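Q: Here's a structure for you.
No value in this document is a laboratory result; all are computed from the given coordinates. Worth saying up front: this structure is predicted, and the values here are computed from it rather than measured. Here the Cβ positions follow ideal geometry from the backbone for every residue, glycine too, while neighbour counts run over all protein chains shown.
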Amino acid sequence: MVEMAQAHSPNEVGTSLVGCYSNNGFEASVLDLAPLSPDSKGSRTSFYRGVAGLKKFFTKLRQSFSGKRHYVGEWHSHPDAAPFPSQTDDGHQLAIAKDPNTACPECILIIIGHTLSNVDEIGVFVYSRKRGRISLAPVHQIKDTLDSPTSV
């Protein structure tokens, strides 16, 4: 995520998150990223994650891992901004969580931010059908998190 965000800076970029849930459903692990769709569009202050090729990608993923890896949410960057969701982010993530076709009632959002002090930070949020946006952990520097597994 960090490498992709840096490569596309100063524009926003992002993709879907691939992961799995624990047996009790209270923990999710982000294990991989979907490819960047060629119809995605980023600017300095917005990002549209395209859909080209994603149906095929997730179908193959589901088959390859016997349904044990699947869509768990989204990530995107906020160049020159803090990693907090905008109103647009909130609206999109809640729509995903509430859409029964996504089968993702608690959708993860990871935002990679880059502040004016040149410190990369990460924000992690869950959007629940029942409870709205939930901040999972305080925003912290990416350097501190790269050495630990990403479980939410």
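Q: Roughly what angle does helix 54-64 make with the longest principal axis of the chain, taking Cα atoms, 0 to 90 degrees, to the nearest 10?
A: Here the helix axis deviates by roughly 50 degrees.
Q: To make sure I understand, if each residue's beta carbon is the centre and we count other beta carbons within 10 Å, what order do F65, F47, F57, F125 fall in, fewest to most?
A: F65, F57, F47, F125
Q: Output the 0 to 90 degree angle, nearest 10, between the alpha-carbon long axis of helix 87-98 and the longest principal axis computed from the alpha carbons of the chain.
A: Rounded to the nearest ten degrees, it is 10.
Q: I would also like to ask the following. Suppose every K and R has +1 on its Cβ and every D and E has -1 on its Cβ; what is the size of the dipole of the chain about the Cα centre, in Debye to the nearest 20?
A: 720
Q: Okay, next question. How much net charge surrounds S135 when only other residues with a Cβ under 14 Å from its Cβ are counted (Lys, Arg +1; Asp, Glu -1)?
A: -2
Q: I need two numbers for the range 25-90: Rg to one decimal and Dmax as a whole number, Cα atoms only, in Å.
A: Answer for the range 25-90, Rg first and Dmax second: 14.1, 40 Å.
Q: OK, next. Where both partners of a DSSP beta bridge lie in the chain, what percent of those bridges are antiparallel, to the nearest 5?
A: 85
Q: Moving on. Restricted to Cα positions, what overall size does the range 1-142 have along the principal axes? Three whole-Å values, descending.
A: That works out to 43, 32, 24 Å along the principal axes.
Q: Then there's this: For D80 and F58 in the same chain, what is the full-extension length gain: residue separation times 0.36 nm, less their Cα-Cα distance, in nm?
A: Stretched out fully, the D80 to F58 stretch lengthens by 4.8 nm.
Q: Does the range 1-53 classify as rounded, prolate or oblate by the C-alpha gyration tensor (a ≥ b ≥ c root eigenvalues; a/c under 1.5 gives rounded; else a/b over b/c gives prolate, otherwise oblate)?
A: Prolate, since a/c reaches 1.5 and a/b exceeds b/c.
Q: Provide, for the chain, the number of lysine pairs with alpha carbons under 22 Å apart, each pair being eight or more places apart or on different chains.
A: 8
Q: How do 79-85, 66-72 rank on mean C-beta neighbours within 10 Å, highest first?
A: 79-85, 66-72
Q: Further question: Summing -39500 (n - 2.57) over the DSSP H runs of n ≥ 4 in the chain and dividing by its residue number, what mean residue ellipticity at 222 nm do you reach, to the nearest 500 deg cm²/dmol?
A: -6000 deg cm²/dmol
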